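Let me begin by presenting the structure, written as structure tokens, before commenting on it.
The values are calculated or read from the model by the stated rules, or taken from the named source; none is laboratory data. Nothing here was measured: the structure is a model prediction, and the numbers come from that model. Note that each Cβ is placed from the backbone with ideal geometry, even for glycine, and that neighbours are counted across all protein chains shown. Side chains are part of the model used for accessible areas, which takes the heavy atoms of the whole protein and leaves out ligands, DNA and RNA. Shrake-Rupley method; radii C 1.70, N 1.55, O 1.52, S 1.80 Å.
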Amino acid sequence: MDFGRLVTAMVTPFDADGQIDWDTTGRLIDYLINEQQSDSLVVAGTTGESPTLSDEEKLELFRFTVKHVGGRCKVIAGTGSNNTAHSIHLTQAAEEAGVDGILLVAPYYNRPSQEGMYQHFYAIAQSTKLPVVLYNVPGRTGVNISVETTLRLAEVDNIVGTKDCAPLDQLTQIISGAPEGFLVYSGDDSATLPLLAIGGHGIISVASHIIGKEMKLLIHSYLKGDVQQAAALYRQYHPIFKGLFECPHPVPNPVAVKYALGLRGFPVGGVRLPLVGVTEAEAEFLRKLV
């Protein structure tokens, strides 16, 4: 399964009462496919505020997105957690909802050993026929899926790729050692072009909410051999890649991108506690940025 080069980790729109705004969710899906040229959408990932979504909300999001997309792009469900049995349950329910793939974050907080992580991902993958993408984000989980563990997991038939926020040295080793067809996606917008340069497949992006079609042009410019144009686009949009996470100091995702969407004329509501909205200084920074 190839989920394409540009995958958007979709925010979850909320109404004034902090409940999922289904009308806006439908319009956001259309906007990300038609205007921002997303090849796939990740639903209920970290950018979708998965820690504060109930299982019922996640499953309704999966069903709603699959129906609304209607085959126009692939739908990837975020079903990972630090509880293997719970992730298996949610994965199987997502499969019944009709999604095209699963994204599994590394187990956070309990920080298992490398063998524990291997067994965790292997057990979930064995519970489903869907293609599985790993998600390694050490800065948020407190644990790193090592090169060796990633390559062991890459041998499992339906583990088809990884979204990885590790340093380029680690990504280079994964790409060098992985079997043919194992897809390595950057989980960091600012690493999009460097990852392509070492043989990575694409980006699972936050910035694509704002500059998706520009990122698509960057990717395809590089792939067709126009490295100068790709580099120029990368330099041009690098401030947005960084600014959505550091405005001007670190801000938890998706606080900034939700505010930025509103600035672009596409309001998607606020965030759920324990996240809070932007400060006035952060808002001013984002107004200048986008």
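Miscellaneous remarks
- Hits in the range 241-251 (condition: open to solvent by 70 Å² or more (accessible area, probe 1.4 Å) and closer than 11 Å to GLU282 by Cβ): GLU246, PRO248, HIS249, PRO250
- One residue stands out among those in the range 37-89 that are part of a loop (DSSP other than H, G, I, E, B) and more than 23 Å from ARG140 (Cβ to Cβ): the one that is least open to solvent (accessible area, probe 1.4 Å), which is CYS73.
- Any hit, the range 131-151, residues being assigned to a helix (DSSP H, G or I), more than 16 Å from SER186 (Cα to Cα) and free of Cβ contacts under 8 Å to residues at least 24 places away in the same chain: no
- Taking the criterion of being in a loop (DSSP other than H, G, I, E, B) and surrounded by fewer than 19 Cβ atoms within 10 Å (Cβ to Cβ), the residues of the range 170-185 that qualify are PRO179, GLU180, GLY181.
- Within the range 192-220, no residue that is closer than 16 Å to ARG235 by Cα and open to solvent by 10 Å² or more (accessible area, probe 1.4 Å) sits with its Cβ atom under 9 Å from a residue that is at pLDDT below 95 and assigned to a loop (DSSP other than H, G, I, E, B) at 6+ positions apart or across chains.
- Residues being within 21 Å of GLU49 (Cβ to Cβ) and over 19 Å from the mean Cα position of the chain (by Cα) - total across the range 236-248: 1
Quick grid of which residues meet (1) modelled with pLDDT of 95 or more; (2) part of a helix (DSSP H, G or I); (3) open to solvent by less than 40 Å² (accessible area, probe 1.4 Å):
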position	(1), (2), (3)
VAL257	yes, yes, yes
ALA260	yes, yes, yes
VAL268	yes, no, yes
GLU284	yes, yes, no
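- Scanning the range 133-151 for residues that are of a type outside the set (Val, Ile, Thr), touching a helix residue (DSSP H, G or I) at 6+ places or on another chain (Cβ under 6 Å) and farther than 21 Å from PHE245 by Cα yields SER146, LEU151.
- Some residue of the range 280-289 being in contact (Cβ under 8 Å) with a residue 40 or more places away in the chain, within 21 Å of SER186 (Cβ to Cβ) and touching a Cys at 6+ places or on another chain (Cβ under 8 Å): yes
- From the options ASP188, ASP226, residue that is open to solvent by 40 Å² or more (accessible area, probe 1.4 Å) and under 16 Å from MET10 (Cα atoms): ASP188
- Test result for TYR234, outside any strand (DSSP E or B), among the hydroxyl-bearing types (Ser, Thr, Tyr) and touching a residue at least 40 places away in the same chain (Cβ under 8 Å): yes
- Verdict on ILE102 being touching a helix residue (DSSP H, G or I) at 6+ places or on another chain (Cβ under 6 Å), under 17 Å from ILE204 (Cα atoms) and outside any strand (DSSP E or B): no
- Some residue of the range 110-119 being of a type in the set (A, V, I, L, M, F, W, C), open to solvent by less than 40 Å² (accessible area, probe 1.4 Å) and over 19 Å from the mean Cα position of the chain (by Cα): yes
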